[in-house]
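Asker: Could you have a look at this structure, given as structure tokens, before my questions?
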Amino acid sequence: MRDSDFGLTLAAGKTKYRGKFHGLGYLRYPVALCIGSVLAMILSRNQAHNALFLVLAFSCLGGLFGLLDAPFAAAAQVLVYAGAIMVLFLFAIMMFNLREPAPRERRTLRTFLAAILGLVLFAELAIAAVRAIAPGSVSPGEPDGLAGLGRLLFTDYLYAFEITSLLILAALVGALALAGKKEGG
Amino acid sequence: MGFPPPIPPSVLALAPLLALVAGALLVLLLEAFLKRKDGELPAFVAVFALLASAFFTVVSWNVGNSGVYLHGRLLVDNLALLVTGVLVLAGIAVILMSLKYAAHQDMNLGQLCGLLLLAVAGAMIMVSSSDGLVVFLGLEVLSVASYAMSGLKRQDRASSEAAAKYFLMGSFAGAFFVFGLALVFGTSGSLDLTAGLSAGASLSAFPAAGAVGLGLILTALFFKIAVAPFHMWAPDVYEGAPTPVTVFLTIVPKAAGLAVLLRVLLPLLSGETAAAAVFTPALSVAAVLTMFAGNLAALRQKSVKRMLAYSSIAHAGYLLVAIVAGDAPSLVFYLLVYLFMNGGAFAVLVAMSGRGFERASLGDFAGLGRRHPGLAASLSIFLLSLAGFPPTAGFLAKFYVFGAAVREGHILLAVAAVLASLIAVAYYLKIIVVMYMQDAEAAAAFDRDDPALFLVIFLGLLGVLQLGLWPGNALSLIRAAFNAF
């Protein structure tokens, strides 16, 4: 984001609008799909369906980030949340082999706490959004976008980046050692 | 002077790590493609890689190759080189111990060696950096490899339980570290653990979020070292893991974590700063809790392996005293001595294990003094050293640490440490009494054909006695290393 303070560069058709809230209309369908899938996730009683709806919600969020011209956030959202974390969820559901749906919960303390936490989160996001669009605020954004990120990864953070490969190797070997088939019967 | 290094300094700084990683890859390839699975070739390759790593460390030391490399991510100094030496020695000892043990307990030696090399590499990454991100990645490499290693005895439920427990708790500790690092980065704008913190040495200039972040990072490190409110996982994991892996877990993560703690806290604790006023009492309380929790729980144990597990928790408390005193030489000396005495004591446990089982209960040690006088005498010396009796190195190590605490004015802490050591004498002596004063119900035959293991025990004895009687060389080396620190 070079010059728009909210960090929204909206592409509608062939023309690019830069500004605060102009032309958000085209986002209406992805947002609706996102909210709808989250609602479906909460309301569905089948664990596998819950997880799949959550995948859909994460993918929608990723798509929204992409439409808002934040390609890295979009890719990370899809790869990390929809890809890695949800696969873990699905594996857990598969391993525990949950057949019958979860029992219907009563409105207890937990629901109350969840509502309060939701409100707190909403207030937090609202404050952050108001601060971000306040005049004179600096958008952190991605300074040079993906190219800058790549350059950092292969210069300043090369050592850390290479250690990550070591970490993945250790995890791979460890998983194989713990779960692999026993040698020679 | 001597030979000029044929390799550029930045490559030399990385060379100990590169040797280990290359060795790990070679071991894993051998493991995958070798036809004969029960061979000891992977172990020899692994020991060779560790020796190569030690060689490059010594070369680095000799040419004085200290400095900052790779955009400040890699820091080589005397502390890093000394602790790297300890880590490599521990790795070699663990591999030599597990040659026969792996075959007896149906463990895959190749996997053990590969994971061990990766874990030592992770610990090495941790100690040779002051960058929070790199320290975290090293910690994770070390941890992931350790989780897998503690579950390598696949037929044994306790071993699998140890791996699962360690993995779950360790993941939480890792999350604490990342969250803390994010807070420190958010408030200071720097990933450098030492610079970001010493800049805000006065608490008023130290943002609350940054202090919370530092607290979370310390919590994660305390978990890895098994310091008292965060030590609950340790006894089960240490007991369930295969015995050579227990040796690894009681030495390498502790050494690496303490080195990082020293690096982070030394600038913070020196001087009459407000930060020191908060962290010194907190660390002292943690140290006292650790010493007493470990020693009091060890008193009640029936299994010698579990007793030694609790004893290693208590030793983490003694080591923490050195951090509170801010005395790097006594910390490194204690680590070195601890490597010899703790490794030696567990090596005797390895020697007592048979095909498919371990003898770790107190009753198994009855009459050992008559049947296997050599083993019993070695174990007695290691235990006396752990307890801190004078002719052994354990006494000197404790003496230097507690002396440093008194010198820095932490009299109460030193008194508590001495009291804790007195409690510890009770259970160490209990094992010796059982070995020499009680008769065994059934004489158990041991497999004595394990030269590598007896080499480890012999080297342990040599270390404990040599450092106890003539510590001059090692001490002057360590002191000289920290004069410029």
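Asker: Based on what the data block shows, is B:Ser143 modelled with pLDDT of 95 or more and among the hydroxyl-bearing types (Ser, Thr, Tyr)?
Answerer: Here the answer is yes, as B:Ser143 does meet what is asked.
Asker: Another one. Which residue pairs have Cβ atoms closer than 7 Å, lie 6 or more positions apart in sequence or on different chains, and pair a first residue in the range A:163-178 that is at the interface with chain B (Cβ under 7 Å from one of its Cβ atoms) with a second residue that is hydroxyl-bearing (Ser, Thr, Tyr)?
Answerer: A:Gly174/B:Tyr147
Asker: When both residues are 6+ apart or on different chains and their Cβ atoms are under 6 Å apart, which pairs have a first residue that lies in the range B:414-432 and is touching a residue at least 40 places away in the same chain (Cβ under 8 Å), and a second that is among the polar types (S, T, N, Q)?
Answerer: Matching pairs, first to second residue: B:Ala420/B:Asn295; B:Ile423/B:Asn295; B:Ala424/B:Asn295; B:Ile432/B:Ser380.
Asker: On to the next question. Mind checking which residues of the range B:101-114 are assigned to a helix (DSSP H, G or I) and buried (at least 21 other Cβ atoms within 10 Å of the Cβ)?
Answerer: B:Tyr101, B:Ala102, B:Leu109, B:Gly110, B:Gln111, B:Leu112, B:Cys113, B:Gly114
Asker: Right, something else. Can you report the number of residues in the range A:145-185 which are outside any helix (DSSP H, G or I) and at pLDDT 90 or above? Full working, then the answer.
Answerer: Initially, the range A:145-185 is screened for residues outside any helix (DSSP H, G or I), giving A:155-157, A:180-185.
So of that shortlist, the ones also at pLDDT 90 or above come out as A:157.
Here the count works out to 1.
Asker: So which residues in the range B:41-96 are assigned to a helix (DSSP H, G or I) and aromatic (Phe, Trp, Tyr)? So that I can check it myself, show each step before the final result.
Answerer: Just the residues of the range B:41-96 that are assigned to a helix (DSSP H, G or I), to begin with: B:41-62, B:78-96.
Selection gives B:Phe44, B:Phe48, B:Phe55, B:Phe56, B:Trp61.
Asker: Then there is this: Taking the range B:260-299 on its own, how many of its residues are in contact with a Gly (Cβ under 7 Å, 6 or more places away or on another chain), modelled with pLDDT under 90, assigned to a helix (DSSP H, G or I) and over 27 Å from B:Glu140 (Cβ atoms)?
Answerer: So the answer is 0.
Asker: Is it fair to say B:Phe55 is on the phi < 0 side of the Ramachandran plot, more than 14 Å from every other protein chain (Cβ to nearest Cβ) and without any contact (Cβ under 8 Å) to a residue 60 or more places away in the chain?
Answerer: So B:Phe55 fits the description; yes.
Asker: Working carefully through the options B:Leu268, B:Leu261, find the one that is crowded, with 21+ Cβ neighbours inside 10 Å and more than 21 Å from B:Tyr238 (Cβ to Cβ).
Answerer: Being crowded, with 21+ Cβ neighbours inside 10 Å and more than 21 Å from B:Tyr238 (Cβ to Cβ) holds for just one of B:Leu268, B:Leu261, which is B:Leu268.
Asker: Going through the range B:123-137 one residue at a time, which ones are at the interface with another protein chain (Cβ under 7 Å from one of its Cβ atoms), touching a residue at least 40 places away in the same chain (Cβ under 8 Å) and closer than 15 Å to B:Leu17 by Cβ?
Answerer: B:Ile125, B:Val134
Asker: In this structure, is B:Ala32 in contact with a helix residue (DSSP H, G or I) (Cβ under 6 Å, 6 or more places away or on another chain), under 30 Å from B:Gln155 (Cα atoms) and either modelled with pLDDT of 90 or more or of a type outside the set (Val, Ile, Thr) (or both)?
Answerer: Details: in contact with a helix residue (DSSP H, G or I) (Cβ under 6 Å, 6 or more places away or on another chain): no; under 30 Å from B:Gln155 (Cα atoms): yes; either modelled with pLDDT of 90 or more or of a type outside the set (Val, Ile, Thr) (or both): yes.
It is false that B:Ala32 is in contact with a helix residue (DSSP H, G or I) (Cβ under 6 Å, 6 or more places away or on another chain), under 30 Å from B:Gln155 (Cα atoms) and either modelled with pLDDT of 90 or more or of a type outside the set (Val, Ile, Thr) (or both).
The values are calculated or read from the model by the stated rules, or taken from the named source; none is laboratory data. Remember, predicted model here, so these are calculated numbers, not experimental data. Because the Cβ atoms are built from the backbone with ideal geometry, glycine has one as well, and the counts that use them run over all protein chains shown.
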